[in-house]
1. Assigned to a helix (DSSP H, G or I), in the same structural domain as GLU263 (by TED's automatic domain parsing), among the hydrophobic types (A, V, I, L, M, F, W, C) and under 25 Å from THR247 (Cα atoms), is that true of LEU168?
2. Quick check on region 104-120. Is at least one of its residues in the same structural domain as GLN27 (by TED's automatic domain parsing), within 30 Å of MET40 (Cα to Cα) and modelled with pLDDT of 75 or more?
3. Among the candidates ASN126, ASN209, ASN194, single out the residue that is closer than 27 Å to VAL280 by Cβ, at pLDDT below 80 and polar (S, T, N, Q).
4. Could you check region 15-64 and list, in sequence order, the residues that are within 28 Å of the chain's Cα centre (by Cα), surrounded by 20 or more Cβ atoms within 10 Å (Cβ to Cβ) and of a type in the set (Gly, Ala, Ser)?
5. May I ask you to list the residues in region 185-202 that are over 28 Å from the mean Cα position of the chain (by Cα) and either β-branched (Val, Ile, Thr) or surrounded by 14 or more Cβ atoms within 10 Å (Cβ to Cβ) (or both)?
6. Considering each residue of region 203-231, count those that are buried (at least 19 other Cβ atoms within 10 Å of the Cβ) and either in a loop (DSSP other than H, G, I, E, B) or free of Cβ contacts under 8 Å to residues at least 24 places away in the same chain (or both), and give that number.
7. With the requirement that a residue be among the charged types (D, E, K, R) and assigned to a helix (DSSP H, G or I), what does region 232-258 give you?
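The values are calculated or read from the model by the stated rules, or taken from the named source; none is laboratory data. The shown structure was predicted, so the numbers you read here are calculated from the model rather than taken from an experiment. With ideal geometry, Cβ positions are generated from the backbone for all residues, glycine too; neighbour counts draw on all protein chains shown.
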Amino acid sequence: MDSYIDSNLKMAKELSNVILEDLEIQQLPITQVLMKAKRMARLLHDSDAQKWLDYEMVGYPVIFDPKELGSCKKYFISDRPVIRNERTHKQHPIGLPQLESYIHSTTIDSLTKIGANESMKMQALNKHHELINDFEHIKTGIHNYVIEVNISLSVGDFAQDIFEDVRLSADRFIRENCPRSGEQLLSIHERMKNRDPESYAQALGAVQNILSLVADVVAPAETRSYKDKKGHERKLGPDQYLNRLFTYLEENVHNGAVLSITESEMAYLFSRPETNSGGVTLEDVQTAIIHMYLVIAEIAKIRKIDTIYINTLSSVPRN
């Protein structure tokens, strides 16, 4: 399912780039552009956009409230030519393809073919320019929608790239310092495929096992207690692996904001979602995995700095 969603998002982003090129450079018939935009909206499961783009393709109903468009209301340009309905004789906003058709019918070549005189040509030419202005004005709504989709998907890719860097850093730390945790990572992957509460609980247990193994590497168990900066006593025994990890981070992270964020991550891991009445959910495990990677990546950063510092000291010649 995740790969299906990722594939749709990738196609939607690629399509948004194509549509922007169509609008800004290629100048294709507007019907083709709208059809591509509607396909992009379908890939994103954006029902508001699909409805709005339908209206732009065939024209708006006689009785129309922009609120019907939901989140796409902001893209609707109300200041546009209207057309009279042949059956009801009431006016309604025109759609872009029909407006484009009117533009083509008011060119000098079109008027010459029907034998229009100079006065008629002049009037039609003025109308032609008005229609072009209206068309470009309305088209900005389509452009704005596609631009915002493109930006949103690009930011999503950027965030994904950031987390991918975090994951790689954490994976490298696990591989180099506690390779046994690699088996737990595989276990998580396999359990998540089953998609049932029992498997989710087992996956969450694997997350906890990984953190326990990491804690044994960076902060081995001690008999003493540790008083954190908020005055809380934290036991550091073999089973208190989260306390040991937090102690290690608090002693080594000097950026208050980073420490606060990490503390929130640790607080989530302390919350033990398996005690919820509804059992462990997919969201519980996904959130725990994200927090686990962020915590381990922060530890990996500390260890990397320590390694650089030690290597620098060892390279300094002694008198």
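1. Numbers: assigned to a helix (DSSP H, G or I): yes; in the same structural domain as GLU263 (by TED's automatic domain parsing): no; among the hydrophobic types (A, V, I, L, M, F, W, C): yes; under 25 Å from THR247 (Cα atoms): yes.
It is false that LEU168 is assigned to a helix (DSSP H, G or I), in the same structural domain as GLU263 (by TED's automatic domain parsing), among the hydrophobic types (A, V, I, L, M, F, W, C) and under 25 Å from THR247 (Cα atoms).
2. From region 104-120, those in the same structural domain as GLN27 (by TED's automatic domain parsing) are 104-120; that's our starting set.
Adding the requirement that they be within 30 Å of MET40 (Cα to Cα) leaves 104.
Next cut, modelled with pLDDT of 75 or more only: 104.
Yes: one or more hits.
3. Details: ASN126 fails: closer than 27 Å to VAL280 by Cβ; ASN209 fails: at pLDDT below 80.
Checking each option against the conditions leaves just ASN194.
4. Selection gives SER16, ALA37, ALA41, ALA49.
5. Initial filter on region 185-202 (over 28 Å from the mean Cα position of the chain (by Cα)): 198, 202.
Correct list: GLN202 only.
6. Residues in region 203-231 being buried (at least 19 other Cβ atoms within 10 Å of the Cβ) and either in a loop (DSSP other than H, G, I, E, B) or free of Cβ contacts under 8 Å to residues at least 24 places away in the same chain (or both): 3 in total.
7. From region 232-258, those among the charged types (D, E, K, R) are 233-235, 239, 244, 250-251; that's our starting set.
Correct list: ARG244, GLU250, GLU251.
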